[in-house]
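Nothing in this text is a laboratory measurement; each read-out follows from the coordinates by a stated rule. The model shown is predicted, which means the values in this text are computed figures rather than measured ones. Cβ sites come from the backbone with ideal geometry, for glycine too, and all protein chains shown count toward neighbours.
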Amino acid sequence: MTAALSRASTADEILGRLNALASGENRAGLARYGINAENALGIPHGELRAMSKVVKRDHERALALWESGFREARVLAAMTDEPGKVTIGQCRRWADEFNSWDIVDSVSDLFVATPFWRELVGEFAADEREFVRRTAFAMIAWANVPRNKVPEETLLSMLPLIERHADDPRNFVKKAVNWALRATGKNSPALHAAALDLARELAGSEDKTRRWVGKDAVRDLTSEKTKQRLEGIANKVSGKPAN
């Protein structure tokens, strides 16, 4: 469905394709996932991901897509911007316009690829706006993706920030804090131990939100699936064959 597009496609051409793919039925269903459907076209994320692989990265075009205001265009802007050309001012401007968790999570993947992402994490975590604060913890979660090659000591240094904001009861913040904690614990055996210790501490808290964040993380980090994942990582590092 993206055959008409190419690496040379302009923002207007991409917007034309997005409008052609718009689905009122899909748009109506976004609310079931807690997604803000204002300015949405109702295009599945998988379609946007496929489109991003066709058009590739282009900074100026990504800026134009973002300025269109369409939800799907903004997700595509995040997927196709060039991290090396993104400025900290751009990150702040985009964050000022966040109004839905799915936009936050898509853009956070871009933000964490910038050289100043750690500064943004601290800044956004201190921001009282729900979606901006979520951005900080979505970035921490994305930082644990292997392709980002973030040092363990850097990821470990994020745990106090997770602990500090684990009492924020707002839905989209507490879920991101939980996501960041679980992602850290699945990154490596060493990080798993530290994250699980924090999860258990939070699980024993008298605060309802901290207790939820902790208990859910403990459940995930002690699951058989996580255990097998960590064993696979340890074997890969040591050069041992998988069982």
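Give me the residue from the range 62-72 that is crowded, with 24+ Cβ neighbours inside 10 Å and not charged (D, E, K, R) and, out of that set, farthest from Gly16 (Cα to Cα).
For the range 62-72, the residue satisfying everything is Ala62.
In the range 213-243, which residues are within 13 Å of Arg182 (Cβ to Cβ), not β-branched (Val, Ile, Thr) and not in a loop (DSSP other than H, G, I, E, B)?
Gly214, Lys215, Asp216, Ala217, Arg219, Asp220, Leu221, Lys225, Arg229, Leu230
For the range 1-116, list the helices (runs of 4 or more DSSP H) that sit wholly inside it and hold at least 1 residues that are over 25 Å from Val173 (Cα atoms); which are they?
11-21, 24-29, 45-55, 59-67, 71-80
Would it be correct to say that Asp109 is of a type in the set (Asp, Glu), closer than 28 Å to Val150 by Cβ and without any contact (Cβ under 8 Å) to a residue 40 or more places away in the chain?
yes
Pairs only if they're at least six apart or on different chains, beta carbon under 9 angstrom, first in the range 116-133 and closer than 18 Å to Asn99 by Cα, second basic (Lys, Arg) and buried (at least 20 other Cβ atoms within 10 Å of the Cβ); list them, first residue then second.
Phe124/Arg133; Phe124/Arg134; Ala125/Arg133; Ala126/Arg133; Asp127/Arg133
Every residue, every condition in (1) over 27 Å from Val132 (Cα atoms); (2) of a type in the set (Gly, Ala, Ser), yes or no:
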{"residue": "Lys174", "(1), (2)": "no, no"}
{"residue": "Ala180", "(1), (2)": "no, yes"}
{"residue": "Gly185", "(1), (2)": "no, yes"}
{"residue": "Leu191", "(1), (2)": "no, no"}
{"residue": "Leu196", "(1), (2)": "no, no"}
{"residue": "Leu202", "(1), (2)": "no, no"}
{"residue": "Arg211", "(1), (2)": "no, no"}
{"residue": "Lys227", "(1), (2)": "yes, no"}
{"residue": "Lys236", "(1), (2)": "yes, no"}
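Quick check on Ala199: is it touching a residue at least 12 places away in the same chain (Cβ under 8 Å) and in contact with a Gly (Cβ under 6 Å, 6 or more places away or on another chain)?
On the way: touching a residue at least 12 places away in the same chain (Cβ under 8 Å): yes; in contact with a Gly (Cβ under 6 Å, 6 or more places away or on another chain): yes.
In short, yes.
Output the residues belonging to the range 115-170 that are of a type in the set (Phe, Trp, Tyr) and more than 15 Å from the chain's Cα centre (by Cα).
Phe116
Kindly evaluate Lys236 against the criterion of being without any contact (Cβ under 8 Å) to a residue 24 or more places away in the chain, closer than 21 Å to Ser106 by Cβ, of a type in the set (Lys, Arg) and surrounded by fewer than 16 Cβ atoms within 10 Å (Cβ to Cβ).
On the way: without any contact (Cβ under 8 Å) to a residue 24 or more places away in the chain: yes; closer than 21 Å to Ser106 by Cβ: no; of a type in the set (Lys, Arg): yes; surrounded by fewer than 16 Cβ atoms within 10 Å (Cβ to Cβ): yes.
No.
Here's the yes/no breakdown for (1) in contact with a strand residue (DSSP E or B) (Cβ under 7 Å, 6 or more places away or on another chain); (2) free of Cβ contacts under 8 Å to residues at least 40 places away in the same chain; (3) crowded, with 16+ Cβ neighbours inside 10 Å:
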site	(1), (2), (3)
Ala11	no, no, yes
Asn26	no, yes, yes
Gly42	no, yes, yes
Gly46	no, yes, no
